[in-house]
Amino acid sequence: MKKKMILFLSITFVVVMAAVFIQDITKGDFSATWPDALGRILFSVLPVFLLFLRKIRFSLSLIIGYYLFLFCTFILGAILGFYNRFRWWDTVLHFFGSAYTAFIGIAIYNILLPNALEKGISRWMIFLFVFSFAMTINILWESAEFIGAVTGFMVEDKNKDTMTDLLTGTAGGLVVACWAGFRKRTG
């Protein structure tokens, strides 16, 4: 079930992103849109690499959440213009994107930590791992936006709101990291 869902969602997103790219080419926007199109297609196909693993250890809800985030970012935000129509759209996505990456951090923590060691790990270590993971992804994302703006590969200059994005992403990661630390079973 999980493998079929990954394939379905990935193929659907790749087809939609390719169709948008072809539409942009027919409008004459090739030079400005090809880096965005390539990035969207690569992000759409990223979960397919999970299929090469023997066992997909990420939950189906985490994978569906990934595609929901892509839908909000690529389709609603960029293609349908929510970034330009709603000033708060980018900020909200940074909050939820960082919260989502914190949940990925929790999943990675659960995958990598043997059950026998879990009782000896303090709440603070869980908090630090999840928060650090979310912040690392947040910083890498903002760095990519900055590099895209400086090199001209980004269609719009999103560098103006870098600090707002970083602070909002920090808040999203902090909320989930606190939740992860406090939900640890004592024992």
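Using the Cβ-Cβ distance between T26 and L46 with R0 set to 30 Å, the FRET efficiency from 1/(1 + (r/R0)^6) comes to roughly 0.65. Each principal axis of the Cα cloud of segment 109-150 was taken in turn, and the coordinate range along them, longest first, works out to 48, 18, 7 Å. Using the average count of surrounding beta-carbon atoms within 10 Å as a protection proxy, the listed peptides 163-170, 75-82 rank, highest first, as 163-170, 75-82. Think of each Lys and Arg Cβ as +1 and each Asp and Glu Cβ as -1; about the Cα centre, that makes the dipole of the chain roughly 1120 debye.
How large is the Rg to Rh ratio of the chain when both quantities use alpha carbon positions and Rh follows Kirkwood? For the chain, the value is 1.01.
For the chain, the membrane-span-like helices by this rule, meaning whole DSSP H stretches whose C-alpha atoms cover at least 20 Å of axis and whose Kyte-Doolittle mean is 0.5 or above, are 2-26, 30-45, 89-112, 123-151, 162-183; this says nothing about an actual membrane.
Taking 7 Å steps out from each Cα toward its Cβ at A144 and R183 produces label points 2.5 nm apart. Counting only DSSP H runs of at least 4 residues, each contributing -39500 (n - 2.57), and dividing by the residue count of the chain, the helix-based mean residue ellipticity at 222 nm comes to -24000 deg cm²/dmol. Across the options A149, L113, M5, the greatest Cα extent toward the positive end of the charge dipole of the chain (unit charges at beta carbon of Lys, Arg, Asp, Glu) belongs to L113. On the beta carbon distance between F86 and M125, with R0 = 41 Å, the FRET formula returns roughly 0.60.
Read the figures in this text as sums done on the coordinates, not as results from a lab. If you're wondering where the values come from, they're calculated on a predicted model, not measured in any experiment. No Cβ is skipped: glycine too gets one built from the backbone with ideal geometry, and neighbour counts run over all protein chains shown.
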